[in-house]
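Before any comments, here is the structure.
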Amino acid sequence: MARNVRHTEVPTKNGIGTERKNGIEPGMNKDQLLNLTLTDMSFRDIYALLKRRKAVFWGTLLTCLAIATALGLFMPERYQSLSQVILEGKTQANQGSSSDIESALTQVGVEYDVPTQIRILSSFAMVYAALKRSNYPLPQQISEQVYETLPQVEVVQIGTTNAVQVSVEHGESKFTNAVASTLPVVYKEFIEDKQRDQVKRSIEFVTARLAEEREGLRQVEQEAAQFKAQNGVADSNFEQEARLAAVARAETLLNESQLALDGSRASLRSVQSARAATPMVLNNPQTRKNVEAIDRENAQLAALKNQRATLLVNNFPDSDRVKRIDEAIKEQETYINGLKETIDVSVTTRNPQVDYYDQQVEAARAGVVASEARVSAAQGVLSQKRQELSALAPIVAKQRELELRIQEAQQTITRLKTLLSDTKIRDNALSSPVTDLTGATPARKVSPNLVLNLALALVAGVLLGALFSLLRDASLDRVNTVEEASVLAESEVLSRIPMRSSARDPLIADPQRARAFESYRILRSSALLAAGGEKSAFVVTSTVPKEGKTTVAGNLAVATALAGKRTVLVDANLRNPAVHKLFKVDSERGLSEVANGTLTLDEVVKETATPGLSVITAGAEVPTPTELIGSEGMAKVIEDLKARFDTVIFDSPAAFGFADTQSLVGQVKDVAYVYVAQRPTKPKMREAVGMIDFAGGRLLGLVVNKDASAASRLR
């Protein structure tokens, strides 16, 4: 159910300008509050946490300091001695030197980098040798227990330089100093012996390699001489050049012959074309007399006439056969009469150019055949020269291989001679790779260090104390701050009531002069404004008992009466009534009798020393207080009180765990909610506020009771 809450403290304007307080963000709801984590806490939140759990914090801190003090008093003494040396070798700053075998053989110095030398220097073998030289009493066998009692050696590199620091710790100062002085010396001798051995092995290795290479050179030279003798070649390169030249000449001859053949073929084609274009005969036109034709036709005519004469012997002149002969004679005579006396004739003769071109064609064909013969001969020569050159190729390759092997062997021998010379020079140039920089410092006591132990214990105590305080606070899950209570109740603060001594009377005896009573005047104004109207009635409750709600209700009733309001304070806490004790009046007759109808309201109302203020005590104990408060009789009592008084204040039981307050709120809607820091838990307060919601109540706001900061606010 939504509430109409009147804000009386920590005002905001449309949610703008509200600051984060105690880990509470503006607009945070109850679910978000219940899920707050350590990351949501500010420095002020942590300070408030430590202040709340100061017993846990200070107990943890003092325990850590006590442990540190005990360790400082009872720990065995330890002494430390330091020495610094320079180690020759690679570091992070000079990486990347040559790694080939020649550089490795001729390099003067150790081949280890500085980290590797540090591991060797701090190895048990080196430390053991230094202990023996320092006359440290060593047993025959080194067990794990004995190893723990030996001087502790640590070797560290100084930055990225070649300088290292040797640190030795032990319970006796004399051995500490002796081992710190001796360990660099032992390592120096170890490295020098290793250098000399390395140079010796390098010389032996180079000498053996030189002998192997010389023997290899002799064998290759012998193989080359035998190969030249077998193939009859003194210089394969010269022979190859000569055969290449012969191939080039053969290729040139072939090209020339091919060009001549192309020319002969072109000449043949030209002559053949001319021969094809020349006619075989020549035509000569002439004019002649047509004697032969005329004589021939006349002879044919005479034959026809003779044939007619023969026919007339046996036939009549008008017979068909004679007539046909007559017609033939007539046609022949007509034809003869039409013949020309002269005719034009063409006389053909053989062309003499044909014979000329035939001779030229034969000559050209002979030239082509001769050119083809020359091309074929040139191709044969070229093929032969190329075969001779190809036959020489494997001989040349083999000879070059042998010559290359001889050259490589000679170069290797030269390098090995130089390497042997450099290695011998290195043997003479050997220097110590370990240089003492500072010598061993006098042994100093390093533990126990009481000041350091206490400082570390202080830091650890603060951290652990804060952690334990946080765990304790989280396990209790209390509503620690007003801001948390405001979020859970979804209400603002009506007033802050200062904390008063438990020895003093909870009911302020002199309201006019008591400064603490000003908080109740603020509460009166805030509550009446939040309730609204000329007359008001509201319930004063809290989450759990012992939050001072009865004291708040009593003093609020006094403040209301002093403002001229007819006020009545009703003790509705039928389970554990306290109003009669606060005002020192009789509790025999009260609310329970009026609610069940045995007494009237006038019979139970009691006047107090404050003008205008009356009280109604709880009355006799009843077996079912919840049912009585929710009864119709109680509803009638409430209506009568509202009609008779300007302000009615009900002191009810705690809202969590009992249904009494929920029944009362169902009839009296307005609620002033009393809260004491660190008293209720978050789940209980959330549930109590929810019960009031379900009953239809309206929280006027929070009354922060026993507030340590309230006194400063009233100054």
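The values are calculated or read from the model by the stated rules, or taken from the named source; none is laboratory data. Since this is a predicted model, take the numbers as computed values, not measurements. Because the Cβ atoms are built from the backbone with ideal geometry, glycine has one as well, and the counts that use them run over all protein chains shown. Each accessible area value is taken on the protein alone, full model and side chains, heavy atoms only, with ligands, DNA and RNA left out. Shrake-Rupley method; radii C 1.70, N 1.55, O 1.52, S 1.80 Å.
Tell me whether segment 123-190 comes out rounded, prolate or oblate; compute the Cα gyration tensor, take square roots of the eigenvalues as a ≥ b ≥ c, and use a/c under 1.5 as the rounded threshold. Cα axes put segment 123-190 in the prolate bin. Rounded to the nearest 20 debye, the dipole size of segment 507-582 about its Cα centre is 60 debye, using +1 on the Cβ of Lys and Arg and -1 on the Cβ of Asp and Glu.
Counting only heavy atoms of the protein chains and using a 1.4 Å probe, Val674 has close to 0 Å² of accessible surface. Using all pairs of distinct alpha-carbon atoms, the Kirkwood hydrodynamic radius of segment 614-715 works out to 15.3 angstrom. To the nearest 0.05, how large is the calculated FRET efficiency for Arg296 and Arg321 if R₀ is 25 Å and r is the Cβ-Cβ distance? Efficiency computed from Cβ-Cβ geometry: 0.50.
Considering only Gln145, Leu454, Ala178, the residue lying farthest towards the positive end of the dipole of the chain is Leu454, judged by Cα position with unit charges set on Cβ. Given their separation in residues at 0.36 nm each and the Cα-Cα distance between them, Gln379 and Asp602 gain 64.8 nm when the chain is fully extended.
Entry note, the chain: the mean residue ellipticity at 222 nm calculated from DSSP H runs of n ≥ 4, each adding -39500 (n - 2.57), is -19000 deg cm²/dmol after division by the residues and rounding to the nearest 500. Computed over protein heavy atoms with a 1.4 Å probe, the accessible surface of the chain works out to 56 Å² per residue.
In a simple Cβ point-charge model (Lys, Arg +1; Asp, Glu -1; nothing else charged), the chain has a dipole of about 2260 debye relative to its Cα centre.
The listed residues Val185, Val114, once ranked by accessible area (1.4 Å probe) with the largest placed first, stand as Val185, Val114. Glu588 contributes about 130 Å² of solvent-accessible surface, heavy atoms of the protein only, 1.4 Å probe. Across segment 644-692, the relative contact order, built from alpha-carbon pairs under 8 Å that are at least six residues apart, equals 43 percent. Mind running the shape call on segment 110-249? Use the C-alpha gyration tensor, a ≥ b ≥ c as the square roots of the eigenvalues: rounded below 1.5 for a/c, prolate if a/b tops b/c, oblate otherwise. Note, shape of segment 110-249 comes out prolate. Taking only C-alpha pairs under 8 Å that are 6+ residues apart, what is the relative contact order of the chain in percent? Across the chain, relative contact order equals 20 percent. Stokes-Einstein, applied to the Kirkwood radius of segment 346-500 over Cα pairs at a viscosity of 1.306 mPa s and 10 °C, places its translational diffusion at 49 µm² s⁻¹. When the solvent-accessible area of segment 282-375 is split by element, carbon and sulfur atoms take up 50 percent of it, the probe being 1.4 Å. Here is the size of the chain from its Cα atoms: Rg then Dmax, 69.8, 213 Å.
Surface composition of segment 462-594: carbon and sulfur make up 53 percent of the accessible area, probe 1.4 Å.
Would you work out what percent of the accessible area of segment 122-215, with all protein chains in place, is carbon or sulfur (probe 1.4 Å)? Here carbon and sulfur together make up 49 percent of the probe-accessible area. A Förster distance of 56 Å, applied to the separation of the beta-carbon atoms of Leu312 and Val354, puts the FRET efficiency at 0.40. Using the Cβ-Cβ distance between Ser432 and Leu452 with R0 set to 25 Å, the FRET efficiency works out to roughly 0.05. Along the axis of the charge dipole computed for the chain (Cβ charges of +1 for Lys and Arg, -1 for Asp and Glu, origin at the Cα centre), the listed residues Ala527, Thr438, Val648 are led at the positive end by Val648. Axis angle, to the nearest 10 degrees, between helix 43-52 and the longest C-alpha principal axis of the chain: 40 degrees. Principal axis extents of the C-alpha atoms in segment 313-397 (largest first, rounded to whole Å): 123, 30, 19. Dipole size of segment 157-224 about its Cα centre, with +1 on Lys/Arg Cβ and -1 on Asp/Glu Cβ: approximately 240 debye, rounded to the nearest 20. The residues Met634, Met75, sorted by heavy-atom accessible surface at 1.4 Å with ligands and nucleic acids left out, run Met75, Met634 from largest to smallest.
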